[in-house]
Amino acid sequence: MTVLAIAEHRRGELRDVSFELATVGRELADATDGDLHLAVIGGEVAEFADRLDREGVDVVHTVDEGEEFNHDVYVQAVTALYDEVEPDTLLMPNSVNGLDYAPAVANRLSLPLVTDAIDIERDGVLSVTREKYGSKVETVVEVDADRAAVTVRPGEWPPAEGTNGAEIRAFDAEIDESAVRSTVTGFQEVGGGDVDISEADVLVSVGRGIEEEENIALVEALADTLDATLSSSRPIVDNGWLPKNRQVGQSGKVVTPDVYIAIGISGAVQHVAGMKGAETIVAINTDPNAPIYDLADYGIVDDLFDVVPALIEAFGGEPPEI
Amino acid sequence: MKILIAVTEVAEVEDDFEIDGLAVAEQYLDYDLNEWDDYAIEAGVQLQEAGEDVEVVSVTIGPERSEETIRMGLAKGVDRAIRVWDDALEGEGQLGVETKADILAAVAEDEDPDLVLAGVQSNDDAFGATGVSLADEIGFEWAAVVNDLDLDPGGSVASVHRELEGGVEELTDVELPAVLTIQTGINEPRYASLRGIRQAQSKEIAPKDLADIGLDASVTESPITLTQLYEPETESDATVFEGSPDEEADQLAELLRDKGVVEG
């Protein structure tokens, strides 16, 4: 059986998930003594192909179409390549761009689609593990079909390493330009501002548990007391309570402070992606089952509105009235 | 211009819960409007307010219970709503992407909108695939994970920002008709006013079954079967400070002093 995985790149760089797809793809191919094909679409495809030639990869297909991701091109290229390679399993990244083309590819090829896989096995049937209800439960789904498409959560598999001498094949996808109805006009960095949270040694980070905008002052007072920098999880920025440059996570900043104090943060996967590199992680959250505790080195399972004022006082500060 | 908004009622699980077979036991579930859809509704209503002759219609796949959620959208400015449900959908648990896309496609073909808005994903099953799958099914252009939308209600192109990873946004022009999946933070969803809530009571929620939209029970057939549902094993090896809040805070303070975060 054959596995086909689609690499991802942006602004001239292959993204880590490309190499992770090679690892999971190899595992799946091994289960059936099959071949692993990778494909890279657009950009410096020859250079990318050299880098994608990692252990376990049998063939790298290059599709020289465009510089950057365009889902109209990707859908056509992947469906054409699928018809050429005829894989049993089509793997794509569960990234923002992956979710911008994978569902259309699956629909066009009438393939069953399972997204955001955190584990995949093929033992006769394809079994995919994924989370539900904000990581509170895990589910396993079985796909009773000969062929399927799966998107793979970034960061769940180690990247494939080494080199292998894979065959590199150029593929002409014959893109129909009239079917390209979206145009990428540029990129924009967001955030900016006068504070770079990725430079901070100590971050005091606030999440949804803070409940109200005026309560942010409490966590801000703790950050001031500790001479730390204030950051947050996504909902705080979505609510406009803190600017975007304070957001830690997949779509915000990746931070690696010495100490990260997560206050009222449950630890959704998108947030964890941004802070798991912190040296010491402290969590304050009422829910002992919150995913943040899987990562934390120290925890206080209690009400932040009791603990944070006590902590400010423990350092001789005065908590604000809220 | 007509805007169709896919609105989902989602289940949220309480902190402590039990599992009953292949589902979380019903008594531990609370139902609410999907968070992402709240932003999609706001985006639609803002377009309605920006242009003349803009109709905003919501479509929900859900049982009668979901009418409470649908009315939240109506109270915020949605003009009318369609609710699709059928005996064939009962007991299916979480509907597959293909099933949802087929049902929404049938409604979209009836309604013939210029723009479809959907949340990026649902809080509960987080598949994140329905919007793009729907777009491909009905031949619309699309953009996923939109966190900025610039569209003249009379125009033919939507200029969007797509929120990529790592603090980067992609700027993309999308030809209409299109499906946009809306990311949280794109706007500030309004609260329903008392007047809106009153008005919502008289707005239409049209119930439709599969036959009404030209489908039959075969739309629920899926090769994907849920076989296990369980609480993940905790991987926590955190040192948990215990005692009163003051005692917990003192222990944490001592740790932070040891780490050199605070002197003295």
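Values for this structure:
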quantity	calculated
Descending Cα extents along the principal axes, chain A, whole Å	69, 43, 35
Relative contact order [Cα under 8 Å, 6+ residues apart], chain B, whole percent	23
Once the Cα gyration tensor of the protein assembly as shown is diagonalised, semi-axes √(5λ) in Å	37, 31, 24
Cα-based shape type of chain B, given that a ≥ b ≥ c are square roots of the gyration tensor eigenvalues and the cut on a/c is 1.5	prolate
Buried area at the B-A interface (accessible, heavy atoms, 1.4 Å probe, summed, Å²)	7100
Helix-only CD estimate at 222 nm, as mean residue ellipticity for chain B, using -39500 (n - 2.57) per DSSP H run (n ≥ 4)	-8000 deg cm²/dmol
Per-selection Kirkwood Rh - region B:182-256 (Cα, Å, 1 d.p.)	20.5
Measure of compaction for region A:124-188 (Cα Rg per 2.2 N^0.38 Å)	1.75
With every protein chain in place, region A:202-315: carbon and sulfur % of accessible area (1.4 Å)	42
Positions from region A:110-125 whose accessible area shrinks by 30 Å² or more when the full protein complex is built, not the chain alone, probe 1.4 Å	A:Pro112, A:Leu113, A:Thr115
Environment charge of B:Ala101, counting only residues whose C-beta is closer than 11 Å and scoring Lys/Arg +1, Asp/Glu -1	-3
Length added when fully stretched, A:Val195-A:Ala179, from 0.36 nm per residue minus Cα-Cα	1.4 nm
Cα gyration tensor, region A:202-315 - rounded (a/c under 1.5), prolate or oblate	rounded
Whichever lysines have a C-alpha closer than 24 Å to that of B:Lys203, once near sequence neighbours (fewer than 8 apart) are set aside	B:Lys2, B:Lys76
Reference-scaled alpha-carbon Rg (2.2 N^0.38 Å with N residues) for region A:2-179	0.95
Solvent-accessible area per residue for region A:2-179 (1.4 angstrom probe, square angstrom)	36
Under 22 Å from A:Lys132, Cα to Cα: lysines that are on another chain or at least 8 residues apart	A:Lys276, B:Lys100
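The values are calculated or read from the model by the stated rules, or taken from the named source; none is laboratory data. Please read these numbers as outputs of a predicted model, since none were measured by experiment. Cβ sites come from the backbone with ideal geometry, for glycine too, and all protein chains shown count toward neighbours. Only protein heavy atoms, including side chains, enter the accessible area calculation; ligands, DNA and RNA are left aside. Shrake-Rupley method; radii C 1.70, N 1.55, O 1.52, S 1.80 Å.
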